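Asker: Just passing along the structure, written as structure tokens.
The values are calculated or read from the model by the stated rules, or taken from the named source; none is laboratory data. Nothing here was measured: the structure is a model prediction, and the numbers come from that model. For neighbour counting, all protein chains shown are included, and Cβ atoms are generated from backbone atoms with ideal geometry for every residue, glycine included. Please note that ligands, DNA and RNA were not included when accessible areas were found on the heavy atoms of the full protein model with its side chains. Shrake-Rupley method; radii C 1.70, N 1.55, O 1.52, S 1.80 Å.
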Amino acid sequence: MGGDGERSRHHRQQEKEQELPREQREAIMLSLVKRKKDFKHMERVGGRWVNVLEGLELHEGVFSAAEQHRIVDCVLDFQQRGRRGLLRERTYSEPKKWMRGKGRVTIQFGCCYNYAKDNNGNLPGIMRDEEVDPMPPILKTMIKRMVAWHVLPPTCVPNSCIINIYDEDDCIPPHIDHHDFVRPFCTVSLLSQCNILFGTYIKVVSPGVFAAPTSIPLPVGSVLVLNGNGADVAKHCVPAVPTKRISITFRKMDGRKLPYRFIPDPELQNLRPLQYPLVPAPVNELVSSRAQPQPASTPLAQARPASTLPPRAEQVNVPREEQSSEGMKWTRDGPFSSEDFPPLGSLCSAGKSQQNKPHRPARR
């Protein structure tokens, strides 16, 4: 009886939510976003103790489970198009996996970024004379959400993106993001949880295995914003992942480094965050009724506390279980529609945009 009563109450709750206007539904979801901005880890830098994680922010619940599913479907569609030669050559890269940690798929939109000095003598950074495909609608919708929901500032709206598709044992080695991109920038984590490691010195123990003084768990669907010391003093890396993972990194290019043929997207101009307070009294009551008891230990609570002593590097094991964000359990249907998130097999909203037309015929 108790179970039937609970299901009935939950059903009435869902009906009540569906009756709300879109603005109020969005206000509810915005109010449930979990934000952590007090990361701290002290290291000695230039003769003084510095919080090398200052400037990092972790936001959970920005994208619902249904929205994440649509994003992943589109990313896998991008991958299939890249394999068939339907994306511009520098947009899609899938090197052969010749050893552990080598072979990560990358898909670039907005600009072509060169990770290392190539055979033609091009240095790392944005390659201004190379063209890639423009930002697809689904990624622009994600950007609009993150600006509107106070994840990214309107002064730093991304105009480029790199998608990383990790298979088992793929990794990203220790690095600081190139200053051809301004700060802050952010990474959305999808499909499975992993740890991101930080430190001014990160030791490469073996392929895909790194020893770092501190780490932060990245729950499924979370958005990690990198700024300040967390972007420019500490290096970061992702060890070899135990299972498939997708990350989407959004960055704004330095105006002096824009590709020569780059055209600003009018959809990403003049974006503004939603203003507080957003939630009217009746919606506040609904939020309170939906509140779930918080577990004693969460992935965020496991982040290492500040240390006043010199840190000792240690190898960090990546958890193998998939975990989902607590803040996304009930937000199945967000403000994004199927037109905002094109179905599998479509790169453009409602099939109208032609911005991702093949640059050249498919390779035979």
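Asker: Given Cα pairs under 8 Å that are at least 6 residues apart, what percent is the relative contact order of segment 22-255?
Answerer: 24
Asker: So, one more: Computed FRET efficiency, Cβ-Cβ of THR155 and ASN119, R0 35 Å: what is it to the nearest 0.05?
Answerer: 0.40
Asker: Something else: Just add up the charged neighbours of GLN275: K/R +1, D/E -1, any other residue whose Cβ is under 13 Å from the Cβ of GLN275.
Answerer: Every neighbour counted, the sum reads -1.
Asker: Once the other residues with Cβ under 10 Å from the Cβ of ARG90 are scored (Lys, Arg +1; Asp, Glu -1), what is the net sum?
Answerer: -3
Asker: Quick one: order VAL72, VAL45 from most to least accessible surface, probe 1.4 Å.
Answerer: Result, largest first: VAL45, VAL72.
Asker: Additional query: Rounded to the nearest 20 debye, what is the charge dipole size of segment 22-255 about its Cα centre when +1 sits on each Lys and Arg Cβ and -1 on each Asp and Glu Cβ?
Answerer: Here segment 22-255 has a charge dipole of around 260 debye.
Asker: I would also like to ask the following. In segment 157-283, if the dipole is taken from +1 on Lys/Arg beta carbons and -1 on Asp/Glu beta carbons about the Cα centre, which of PRO266, GLY221, TYR201 is farthest to the positive end?
Answerer: Result: PRO266.
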